[in-house]
Every structure is written in C-alpha cells, then in structure tokens.
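Take a look at the structure set out below.
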Amino acid sequence: MESAAEILREYGPFPDAEKVHGVTFDGRHVWFASGDRLNAFDPASGKLVRTIAVPAHAGTAFDGRHLFQIAEDRIQKIDPHTGRVVATIPGPGGSDSGLAWAEGTLWVGQGRGRKIHQIDPQTGAILRTIECNRVVTGVTWVDGELWHGTWTGDESDLRRIDPRTGEVLERLEMPAGTAVSGLESDGGDRFFCGGGSSGKVRAIRRPRRGSAAGSGAKTAVPLPDPSSA
C-alpha cells in the first residue's frame, strides 16, 4: 500500500539547531537531537521550552521516565529533569541512526546496514535483528505496528514493516527533497519526523485502521524464538 504523506504542520527551524537528528515524544513535549544538545518543544505552540547539553548525534527515545540518546558509538540514558547522564551502553555499531522504546527494550535503526536491532537497555546486547531493504533512519512502534523512516538522496518515506520478516506493508512517500531523519509516534494520529538539515520537525498524519485504533501504546509484536525455528 502506497500513498503520499500528509504533512499536518512544520515546526522550526529552531535557534542554534542547524540539523534535526532523532525525535521522541514524552506525552507532552517533542524532543529532538541537534548534535550537541537535546531540545524540547511544545507541539501545540511550537515554542522551544527546554534544552539539555549532551551529545545528540542520532536517534532519541523515551521510556516513560528517561530519555535515551545515541551519541556516536554509545547510547546514553538521561534523566530529563536534571539533564544528567545516568547510564551508558554500547550501541550495536555500524551506523546507528534511529531509536525507539517498546515493551522494555530499545530498538535501534542501523542506517547503512539496513537493519533494526532489538537490544537489551541494560547491557546493549542484541536480542533480535530485522533485515530491511532500505536505509533506516528513525524507528517507532505504535499499536503493534513497526514503522521506520528512510532517506536516500532527495527521497524519503515512512514504512510500516512486518516485524517478523521485514516485508514492507505500507509506504507514506514524502515530497521530494523532504528528509526523514528521525521518527516518533504521538500514540495517536500523528508521526513527528525529523527534517535533517532543514532544521525542522514535521507532523505527518498517521493512517488509521480499525485494527490500529487502540490506545496508542508502544507495544511490540512478539517475535518467534529463533531457537525453536
């Protein structure tokens, strides 16, 4: 299933944030990574409300209490109230890009590696790997659906994939020249997409289906145990 992405709103550019990398949503504010800091803005007003000085080079996630941020070859766990890094784990490595939280684990998009890894948030150990057929940027789970962004040259899209096989089930094509560098669902009818070097974050309408009109929970689909395969 393919369709054009519907852009609902654009936020930014923001002061001293030349690029937008990872994006996440804490239920109230949208957070985005911009290289040397994390930034939070109010999606209702579009106003920047908070910054945290921390290396922020790629994907961003929120587990309900802490922020997680890719910083080169590691993933930092950050207390959003104090801005303090409380733990660090190694990333899967190779070109880690997107980051998402679902059901107690982190999901890491590996850009040029065209993979999504499920990892242990305590140790960084890889639990599962999903092969994808395009460069992976942002990653998000919502209502049992796994979505990721792609960005190659002037082309970008959002893809819903089968978490067991990596098969593409649905595509939302972005306008030419409109990048997707990070991706997060608000748990409802919007995706927040990082806009790369544009310095913007865009809200995109999320397709709604009867089977996806649930609570908006970041619930991952149980995957088969490879030892039983």
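Readers should treat all values here as calculations from the given coordinates under stated rules, not as data from a laboratory. Only a predicted model underlies this, so the values are computations on that prediction, with no experimental measurement involved. Neighbour counts are summed over all protein chains in view; Cβ atoms, including those assigned to glycine, are modelled from backbone coordinates with ideal geometry.
Quick notes
- Amide H contacts of Val135 (H built 1.01 Å from N, under 5 Å, at least 5 apart or other chain): Trp151
- Averaging 1/r over each pair of different alpha-carbon atoms in segment 1-96 and inverting the result gives 14.0 Å, the Kirkwood hydrodynamic radius.
- Size of electric dipole in segment 11-115: Cβ of Lys, Arg +1 and of Asp, Glu -1, about Cα centre, debye, nearest 20: 80 debye
- Around the Cα centre of the chain, unit charges on the Cβ atoms of Lys, Arg, Asp and Glu (plus for the first two, minus for the last two) sum to a dipole of about 280 debye.
- Extreme residue, positive dipole direction of the chain, given options Ala179, Pro13, Trp147 (C-beta unit charges): Pro13
- For segment 150-163, Karplus couplings with θ = phi - 60° (6.51, -1.76, 1.60), whole Hz, Gly/Pro x: 10, 7, 9, x, 9, 10, 9, 7, 10, 10, 9, 10, 6, x
- Prolate/oblate/rounded call for segment 57-127, Cα gyration tensor, a/c under 1.5 rounded: prolate
- Loop trypsin sites (Lys or Arg not before Pro), segment 1-102, which have at most 15 other Cβ atoms in a 10 Å radius of their Cβ (DSSP): Arg28, Lys47, Arg65, Arg84
- Alpha carbon centroid spacing (whole Å) that separates segment 183-201 from segment 112-175: 15 Å
- For Leu8, the amide hydrogen comes within under 5 Å of the amide hydrogens of Ala203, Ile204, Arg205, counting only partners 5 or more places away or on other chains and with H modelled in the peptide plane.
- Kirkwood Rh and Cα Rg combined as Rg/Rh, segment 2-228: 0.93
- Interchain or long-range residues, amide H under 5 Å from Asp36's placed H: Ala56
- Extension reserve of the Ile126-Asp154 stretch, reckoned as 0.36 nm per residue once the Cα distance is removed: 6.9 nm
- Using the Cβ of Pro90 as centre and a radius below 13 Å, the other residues enclosed give a net charge of -2, where K and R count +1 and D and E count -1.
- ³J(HN,Hα) computed for each position of segment 62-75 - Karplus, 6.51 cos²θ - 1.76 cosθ + 1.60, integer Hz, glycine/proline x: 9, 9, x, 9, 10, 8, 10, 9, 6, 9, 6, 9, 9, 10
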